[in-house]
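Below is one structure, written out as structure tokens; the observations come after it.
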Amino acid sequence: MENSVEQALEAVPFCFGQILVRKTGDDFVLCHRDDEAHDDLEIFQGPEDAIEIARYDDAGNYRALKTAPNLRHGWRMELRTSDWPSSLRGRLVGCALRRCAKRWIGNPGCIV
């Protein structure tokens with residue numbers, strides 16, 4: 001499973017919830033899946049921008065549940081892999097959900 005994340009990213013384009021992921025060279029472009037054909041999207045590039053995109057819906061209402069199917073439209077996020085820390089490049093490793101879930105619920109015997 002060591003290369004599973006990288007293998008998944010090679011299978012682009014794909015949708016993850018309401019987010020469409022496309023690859024441009026070595027970089028990635030994300031947008032709302034309904035905005036795929038739009039060219040007049042607001043451009044974002046940083047992790048702080050991703051937080052802001054997820055914060056409010058199209059009507060400006062706060063999205064308390066970030067997995068709710070009301071992600072706002074009208075944005076495009078350009079992610080340059082060259083900006084990723086060298087410690088992450090080529091070393092994305094997935095882990096078993098059960099192992100992560102144990103860590104999330106506070107099982108002290110499960111340390112990654």
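Quick look at the numbers
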{"item": "Some residue of the range 84-91 being modelled with pLDDT under 90 and not in a loop (DSSP other than H, G, I, E, B)", "result": "no"}
{"item": "Strands (runs of 3 or more DSSP E) wholly inside the range 6-77 containing at least 3 residues that are at negative phi and not aliphatic (A, V, I, L, M)", "result": "14-16, 19-24, 27-32"}
{"item": "Identity of the residue in the range 30-43, aliphatic (A, V, I, L, M) and closer than 20 Å to P69 by Cα, that ends up nearest to the chain's Cα centre (by Cα)", "result": "L30"}
{"item": "Search result, residues across the range 50-81 that are of a type in the set (S, T, N, Q) and without any contact (Cβ under 8 Å) to a residue 40 or more places away in the chain", "result": "N61, N70"}
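The values are calculated or read from the model by the stated rules, or taken from the named source; none is laboratory data. Keep in mind that this is a model prediction, so the values were computed, not measured. Using ideal geometry, Cβ is built from the backbone for each residue, glycine included, and neighbour counts are taken over all protein chains shown.
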